[in-house]
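Enquirer: Handing you a structure now.
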Amino acid sequence: RHTFGHNFPKNFIVPERLLDKPYELIEAANDWHYAMMNDHPRNVFYREALKHVVTPESVVLEIGAGSGLLSIIAATLGAKCVVAIEANRHLAAVAREIIRRNGHEDRVHIINKMSTDVEPDEILRYGQPTVLLSEILGTLLLGESALHYVEDARRRLTPGAAVVPRRGAQFATLIESDDISSITSVRSWEGIDLGWFNTLQDTTSMVFTKQYGFRFSSCAYRELAPKQPVLKLDFAHDCVGVWRGERRQRFRATAAGTVHAILASWEVHDGPGAGGGGGGAAAAASSPPLTMSTHPSDTLGNFPRDMQWGQGLQLIEDMEGASEGAAPKPFVVSEGEWLVLVTRFSSDGVTVQFQLEREAPPPAEMAMVS
C-alpha cells in the first residue's frame, strides 16, 4: 500500500518503472527535487562557495544529501573525502546510485540516518570534517530547522572548519498588490454585496506562494517600504534561540498605499566577502560575497526557484480602531509615516508571524513639524 502503484485504481496504467517505488519518494521527487536540481544559479552558488574552502585535504560533511548533487560537486572540486548524511532511506539509495554512475563512490560515502543520530565514530572513520555543507533551507530561512541541524553538526568539525553557506538573513517587505487582494478578499459581484465573507480572512498565518499556486515575481505589486532584515544568522557560530521570541523595529513608509501583505524572503551569503574562508582578509575586502536569495526581484527569471522555495505571505489588517466581528480593516499608510514591524518567532524558530503597528514620529521630528 505504500508503493506508488497502489495509489491508483486498478484500471489506471502506471509505468513498470514506478510500480514498486515508494510513494513518498516519487511524491518528493516530483514536488520539489526536480525544481531544486534545475535551479542552476543555486548550484553555481554552492560550487563557487565550495571553491573557496575545498582543498585536496578537505573532508566534507554534508547534512541532508538529497540526490547527492552537492556532494558530487565537492568531490569534483578535489575534496579528499565527502561524508553525505541522508535520513530518507529511499533517497539515500537514489543518491548512492547517482554517485556511482558519476564515478565518485570511492570518495563520497552515504550514511542513511538523521544527522543528529549519527555517532562521531561513523564520521571519523573517514577523517575529521573540515567543511560542513548543507542546503536545508525552506521557504522561510529556518523553515526546515536549518540552524538546529547545523548547530548539532558543528560539534563534529575540526576547530575553524568552514561552514557553507556561512551567513543568512530573513527579510520582510510591505507589499501593496491588487493581484493578492483579488484572491484573498472579496467585495461584490453585479450588485451582490459579498463583503461580509471577509470576516473569514486569515491575517494570522504565513502562507507560502507555492500553496497559493502562483509565482509572486509575476504579480503586479509595489513595495511601500524597503525590505527589513528581521533575523540575521551566522551559521558557523549562532545557536538555536538566537531569534529570542519577538523583535520590534521602527522604519518609515516610502510610499503611500494599502499594505495588503507582508512578504517574507531570504538571502544567504558565502565566499571571502561573507567571512566564508579562503584568501584571507585581503581577498575578503576585495571580493563581494556570493549571494543566493528568494527576493521576487531575484527570482523573476528563475522559475525553478519560485517552484522550489517561493516566498511567504501574511495578510495584514489594521487592528487599531477595528470593530469586533467586522471584516478586516485595511492598513493604509502615508508616505513618510513611522511604522513598527513586530516579528514573532515560534519557540523552535521554524515559523514567524508579523504584525504592523503605527508609531508617532520621534519628538525632534514632531517639533520640526509644529
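Enquirer: How much length, in nm to one decimal, is gained on full extension between residue 17 and residue 222, taken as 0.36 nm per residue of separation minus their Cα-Cα distance?
Expert: Result: 69.1 nm gained on full extension.
Enquirer: Sticking with this one: Given the DSSP H assignment, sum -39500 (n - 2.57) over each helix run of at least 4 residues in the chain and divide by its residue total; what's the result at 222 nm in deg cm²/dmol, nearest 500?
Expert: -6500 deg cm²/dmol
Enquirer: Output wanted: per-residue J couplings in Hz (rounded whole) for segment 343-350, from phi through Karplus 6.51 cos²θ - 1.76 cosθ + 1.60, θ = phi - 60°, x for Gly and Pro.
Expert: Per residue, the Karplus-derived 3J(HN,Hα) values read 10, 10, 10, 5, 4, 8, x, 6 Hz.
Enquirer: Turning to a different aspect of this structure: How large a share of the accessible area of the chain, in percent, is made up of carbon and sulfur atoms when the probe is 1.4 Å and the other protein chains stay in place?
Expert: Values: 9880 of 18410 Å².
The nonpolar share, carbon plus sulfur, comes to 54 percent.
Enquirer: So who's got an amide H within less than 5 Å of the one on residue 316, skipping anything under 5 residues away but keeping other chains? H placed 1.01 Å off N, in plane.
Expert: 261, 262
Enquirer: Mind listing the phi-derived Karplus ³J(HN,Hα) values for segment 306-322, rounded to whole Hz, using 6.51, -1.76 and 1.60 with θ = phi - 60°, and x for any glycine or proline?
Expert: Ordered by residue, 3J(HN,Hα) equals 5, 7, 7, 10, x, 9, x, 10, 10, 5, 10, 10, 8, 6, 6, x, 6 Hz.
Enquirer: Okay, next question. Describe numerically, in nm with one decimal, the distance between label points set 7 Å from Cα along Cα→Cβ at residue 322 and at residue 202.
Expert: Placing both labels 7 Å along Cα→Cβ, they lie 1.5 nm apart.
Enquirer: Under a Cβ-Cβ cut-off of 12 Å, what is the net charge of the residues other than residue 275 that fall near it, where Lys and Arg count +1 and Asp and Glu count -1?
Expert: Net local charge, residue 275 excluded: 0.
Enquirer: Specify the residue with the greatest mean-square fluctuation among 329, 21, 113, computed from a Gaussian network of the chain linking alpha-carbon atoms under 10 Å apart.
Expert: Highest fluctuation among the options: 21.
Enquirer: Considering the chain as a Gaussian network with a 10 Å cut-off on Cα pairs, which listed residue, 150, 53, 240, attains the greatest mean-square fluctuation?
Expert: 240
Enquirer: Considering only the other residues whose Cβ falls under 13 Å of the Cβ of residue 323, what net charge follows from Lys and Arg at +1 and Asp and Glu at -1?
Expert: Here the charged neighbours net out to -3.
Enquirer: Arrange the residues 202, 117 by how much accessible surface each exposes, largest first, with a 1.4 angstrom probe.
Expert: Largest to smallest exposure gives the sequence 117, 202.
Enquirer: How big is the antiparallel share of DSSP beta bridges in the chain, given as a percent to the nearest 5? Walk me through the numbers on the way to the answer.
Expert: Values: 46 of 62 bridges.
Bridges in the chain are about 75 percent antiparallel.
Enquirer: With a 1.4 Å probe and all protein chains left in place, how much accessible area per residue does the chain have, in Å²? Please list the in-between numbers first.
Expert: Values: 18410 Å² over 370 residues.
Per residue, the chain has an accessible area of 50 Å².
Enquirer: If you don't mind, there's one more thing I want to ask. When the Kirkwood hydrodynamic radius is evaluated over all pairs of different C-alpha atoms of segment 50-99, what value in angstrom, to one decimal, is obtained? Mind showing how you got there, number by number?
Expert: Numbers: mean 1/r = 0.0922 Å⁻¹.
Averaging 1/r across every pair of different Cα atoms and inverting gives 10.8 Å.
Enquirer: Considering all alpha-carbon pairs of segment 1-55, what whole percent are spaced by more than 16 angstrom?
Expert: Beyond 16 Å sits 59 percent of the P(r) for segment 1-55.
Enquirer: Let's test this: bin the Cα-Cα distances of the chain at 20 Å from zero up to the farthest pair and state each bin's percent.
Expert: Computed distribution, short to long bins: 25, 50, 23, 2.
The values are calculated or read from the model by the stated rules, or taken from the named source; none is laboratory data. What you see is a predicted model, and the numbers here were worked out from it, not measured in a lab. Cβ coordinates were reconstructed from backbone atoms using ideal geometry, including for glycine residues, and neighbour counts include every protein chain displayed. In case anyone asks, the SASA skips ligands and DNA or RNA and just uses the protein heavy atoms, side chains included. Shrake-Rupley method; radii C 1.70, N 1.55, O 1.52, S 1.80 Å.
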